[in-house]
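Written out below as structure tokens is the structure these notes cover.
The values are calculated or read from the model by the stated rules, or taken from the named source; none is laboratory data. These numbers were taken from a predicted model, which means no experiment stands behind them. Reconstructed Cβ throughout: ideal geometry from the backbone, glycine too, with neighbour counts over all protein chains shown.
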């Protein structure tokens, strides 16, 4: 695992903690988001890579896997960028 951070999300009237784990590995350049993300979360991969490039950093080569846990709760909206 490369990094682990924590965020929060709202589902109905309940708030819950979301653990975000990022892992980098060799292979074809690809970003995979797992853990029941909705369409807005899947689209965030373009926003995140653009923001990192515009900040003067580089995106690591190879496969990047982003895990949003707990996996049994749907993650909605762009708040996970």
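Results for (1) on the phi > 0 side of the Ramachandran plot; (2) surrounded by 14 or more Cβ atoms within 10 Å (Cβ to Cβ); (3) at pLDDT below 85; (4) in contact with a strand residue (DSSP E or B) (Cβ under 8 Å, 6 or more places away or on another chain), shown as yes or no for each residue.
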position	(1), (2), (3), (4)
5	no, no, no, yes
11	no, no, yes, no
16	no, no, no, yes
45	no, yes, yes, yes
51	no, no, no, no
55	no, no, no, no
59	no, yes, yes, no
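Tell me whether region 26-35 contains one or more residues that are at pLDDT below 85, surrounded by 13 or more Cβ atoms within 10 Å (Cβ to Cβ), in contact with a strand residue (DSSP E or B) (Cβ under 6 Å, 6 or more places away or on another chain) and on the phi > 0 side of the Ramachandran plot.
Yes, region 26-35 contains a residue that is at pLDDT below 85, surrounded by 13 or more Cβ atoms within 10 Å (Cβ to Cβ), in contact with a strand residue (DSSP E or B) (Cβ under 6 Å, 6 or more places away or on another chain) and on the phi > 0 side of the Ramachandran plot.
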